[in-house]
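Trainee: Here it is, the structure, as structure tokens.
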Amino acid sequence: MALDDDDLRDVDRDLLDYLREGRVTPAYARDRMADEGAREVTSTYLGQRLQRLEEHDHVVNLYNNGLYELADDPREKDDA
């Protein structure tokens, strides 16, 4: 079952913004969030959030190696 915007946390929205720009790893997202002053989180936590998005078919874990790509942005569902 797909998520909708109400199911997302702020960190999920940040991850989806990064994924709209290209592929990400949890470590990349952690470093970028820290550099932007957005939030201080661990790559482990971001990996868990990405896995949740994957469970709902919004991202794909390429070759199961922790490199994620956007498949379906749940925020776009509300606009339709």
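Trainee: Could we say that ALA2 is touching an Asp or Glu at 6+ places or on another chain (Cβ under 7 Å), in a loop (DSSP other than H, G, I, E, B) and in contact (Cβ under 8 Å) with a residue 40 or more places away in the chain here?
Mentor: For ALA2, the condition - touching an Asp or Glu at 6+ places or on another chain (Cβ under 7 Å), in a loop (DSSP other than H, G, I, E, B) and in contact (Cβ under 8 Å) with a residue 40 or more places away in the chain - is met.
Trainee: Do we have ASP72 as in contact (Cβ under 8 Å) with a residue 24 or more places away in the chain and either exposed (fewer than 14 other Cβ atoms within 10 Å of the Cβ) or of a type in the set (Phe, Trp, Tyr) (or both) here?
Mentor: No, not satisfied.
Trainee: Let me ask you something else. Looking at ALA34 and the list (1) hydrophobic (A, V, I, L, M, F, W, C); (2) more than 19 Å from ASP72 (Cβ to Cβ); (3) touching a helix residue (DSSP H, G or I) at 6+ places or on another chain (Cβ under 8 Å), which single condition is not satisfied?
Mentor: Status for ALA34: all satisfied but (3).
Trainee: If you take the residues in segment 32-66 that are surrounded by 15 or more Cβ atoms within 10 Å (Cβ to Cβ) and aliphatic (A, V, I, L, M), which one is farthest from GLU21 (Cα to Cα)?
Mentor: VAL41
Trainee: Name every residue in segment 34-63 that is over 13 Å from ASP14 (Cβ atoms) and in a loop (DSSP other than H, G, I, E, B), in order of residue number.
Mentor: The answer is THR42, HIS56, ASP57, HIS58, TYR63.
Trainee: I've got another one for you. Name, by its number, the condition in (1) surrounded by fewer than 11 Cβ atoms within 10 Å (Cβ to Cβ); (2) in contact (Cβ under 8 Å) with a residue 40 or more places away in the chain that does not hold for PRO26.
Mentor: All conditions are met except number (1).
None of the figures in this text is laboratory data; all of them are computed from the coordinates on show. Bear in mind the structure is a predicted one, so any value in this text is a computation, not a measurement. Glycine gets a Cβ as well: all are built from the backbone with ideal geometry, and neighbour counts include every protein chain shown.
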